[in-house]
1. So, of the residues in segment 122-163 that are basic (K, R) and at pLDDT 90 or above, which turns out to be most open to solvent (accessible area, probe 1.4 Å)?
2. On the given criteria, is F105 closer than 30 Å to S20 by Cβ, crowded, with 18+ Cβ neighbours inside 10 Å and modelled with pLDDT of 85 or more?
3. Could you tell me which of the residues D23, D51 is at pLDDT 70 or above and farther than 15 Å from L147 by Cβ?
4. Of all the strands (runs of 3 or more DSSP E) wholly in segment 38-94, which have at least 1 residues that are free of Cβ contacts under 8 Å to residues at least 60 places away in the same chain and in contact with a Leu (Cβ under 6 Å, 6 or more places away or on another chain)?
5. Determine whether segment 52-75 contains at least one residue that is in contact with an Asp or Glu (Cβ under 6 Å, 6 or more places away or on another chain) and either of a type in the set (A, V, I, L, M, F, W, C) or exposed (fewer than 11 other Cβ atoms within 10 Å of the Cβ) (or both).
Amino acid sequence: MPVSKDVMEAVKRDLLKKESLMDLPAFKKMLLDWLMQWNRPDDPDSNDWADLVQEFPADPGDNELTSGMRMRLVVRLATSGNRYLIAVLESLDPHNRGVYFISVFVNWKEDEYRLQQMIEENYAGHFDDTLKAKHTLWAQTFRPRELLDALNSCAVAILGHELIVPPIDETPDMVKRRPGEIPSFPEPLDD
């Protein structure tokens, strides 16, 4: 007796829904191992990196959902000028189980924040296309075995955002002309 396409699709959907969600303890351990290579920032509220990692376990009904995203792990980092958030997310779509997302978000720098406030105060109600105080520096998908590479990419994105090239006040020596190198032309002949 042949099986209809609808029955096959229903069985496939049920099998995909039974696919397990993120192994949160394993991911957290990999994240903490990666963080241990960095000096922990001085923070009176935390004793080690584990205090700075927030986890959001799966709800019992998450396995039954067929769409949506859930944030599973979050690390908040700060420099003297910016605050960063590294977030590991999971897709609840049964077809995407086993593929995860990682993103780095950055807040506004102080001068950008003041500019945003000025725009909102002066132009409130005049247009809808205002700047948003939320930036994504990096986003990518990864599989569990690629988490460390994804975290390294996040670190590079943060470092690239933090690096500021100071302006060059003078022309470098290799561009300057030396007095002996200035061409001299003969005086024009008077006719």
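The values are calculated or read from the model by the stated rules, or taken from the named source; none is laboratory data. None of the values given here were measured: they were computed from a predicted structure. Cβ sites come from the backbone with ideal geometry, for glycine too, and all protein chains shown count toward neighbours. Side chains included, ligands, DNA and RNA excluded: accessible areas come from the protein's heavy atoms. Shrake-Rupley method; radii C 1.70, N 1.55, O 1.52, S 1.80 Å.
1. Of all residues in segment 122-163, those basic (K, R) come to 132, 134, 143, 145.
Subset that is at pLDDT 90 or above: 143, 145.
Values: R143: 103, R145: 188 Å².
Looking at the filtered set, the residue picked out is R145.
2. Against the criterion (closer than 30 Å to S20 by Cβ, crowded, with 18+ Cβ neighbours inside 10 Å and modelled with pLDDT of 85 or more), F105 does not qualify.
3. Working: D23 fails: farther than 15 Å from L147 by Cβ.
Going through D23, D51 in turn, the sole match is D51.
4. Those strands (runs of 3 or more DSSP E) span 53-55, 69-78.
5. In the first step, residues of segment 52-75 are kept if they are in contact with an Asp or Glu (Cβ under 6 Å, 6 or more places away or on another chain); the result is 67, 70, 72-73.
Going one step further and asking which of them are either of a type in the set (A, V, I, L, M, F, W, C) or exposed (fewer than 11 other Cβ atoms within 10 Å of the Cβ) (or both), we end up with 67, 73.
Yes, some residue in segment 52-75 is in contact with an Asp or Glu (Cβ under 6 Å, 6 or more places away or on another chain) and either of a type in the set (A, V, I, L, M, F, W, C) or exposed (fewer than 11 other Cβ atoms within 10 Å of the Cβ) (or both).
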